[in-house]
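J.: Submitted below is the structure of interest, expressed as structure tokens.
The values are calculated or read from the model by the stated rules, or taken from the named source; none is laboratory data. It should be emphasised that the depicted structure is a prediction, and the values quoted were computed from it without experimental measurement. Counting neighbours? That spans all protein chains shown, and the Cβs are built from the backbone with ideal geometry, glycine included. Surface areas here come from the heavy atoms of the whole protein model, side chains and all, with no ligands, DNA or RNA. Shrake-Rupley method; radii C 1.70, N 1.55, O 1.52, S 1.80 Å.
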Amino acid sequence: MKRYLRVRVESGVAWPTKETTVQFRGHDLTLCPETDELGPTVLFPYNRLTADEAVELVRHFLSSLSWAEGRPIEDLEAVDGSRPIW
């Protein structure tokens, strides 16, 4: 069954102003811009990982991005569900 993980971040890295999909370790991650209701987030649809593995993958991505940009990124909240959380 497909699951969806959304991780809200606080980022010192310039974040996209429109949804942008990037590949990381063979998985598609969507960087979602800040809205009036929600800060910048990473959306990760997955089905072959556990929830813990999905969170770990997103955190590794954020760590890699932070390191490459030389700026901080903090994950503030992770929400997992059977449908995309908007």
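J.: Taking L31 as the residue in question, decide whether it is open to solvent by 40 Å² or more (accessible area, probe 1.4 Å) and modelled with pLDDT of 95 or more.
T.: Numbers: open to solvent by 40 Å² or more (accessible area, probe 1.4 Å): no; modelled with pLDDT of 95 or more: yes.
No.
J.: Sticking with this one: Residue pairs, Cβ under 8 Å, 6 or more apart or interchain, first in the stretch 1-15 and over 13 Å from A51 (Cβ atoms) and open to solvent by 40 Å² or more (accessible area, probe 1.4 Å), second among the hydroxyl-bearing types (S, T, Y) and outside any loop (DSSP other than H, G, I, E, B). List them.
T.: R8/T41
J.: Okay, next question. In the stretch 49-61, what residues are farther than 13 Å from R6 by Cα and open to solvent by less than 30 Å² (accessible area, probe 1.4 Å)?
T.: F61
J.: Hey, can you tell me all the residues within the stretch 63-86 that are surrounded by 12 or more Cβ atoms within 10 Å (Cβ to Cβ) and either closer than 15 Å to Q23 by Cβ or of a type in the set (F, W, Y) (or both)?
T.: S64, L65
J.: Touching a Ser or Thr at 6+ places or on another chain (Cβ under 6 Å) and not in a loop (DSSP other than H, G, I, E, B): which single residue out of D28, D52 fits that description?
T.: Numbers: D52 fails: touching a Ser or Thr at 6+ places or on another chain (Cβ under 6 Å).
When all the criteria are applied, what remains is D28.
J.: Pick from the stretch 34-48 the residues that are open to solvent by less than 40 Å² (accessible area, probe 1.4 Å) and β-branched (V, I, T): which of them is farthest from the chain's Cα centre (by Cα)?
T.: Applying the first criterion (open to solvent by less than 40 Å² (accessible area, probe 1.4 Å)) to the stretch 34-48 yields 39-44, 46.
Adding the requirement that they be β-branched (V, I, T) leaves 41-42.
On the way: T41: 5, V42: 2 Å.
Here the residue is T41.
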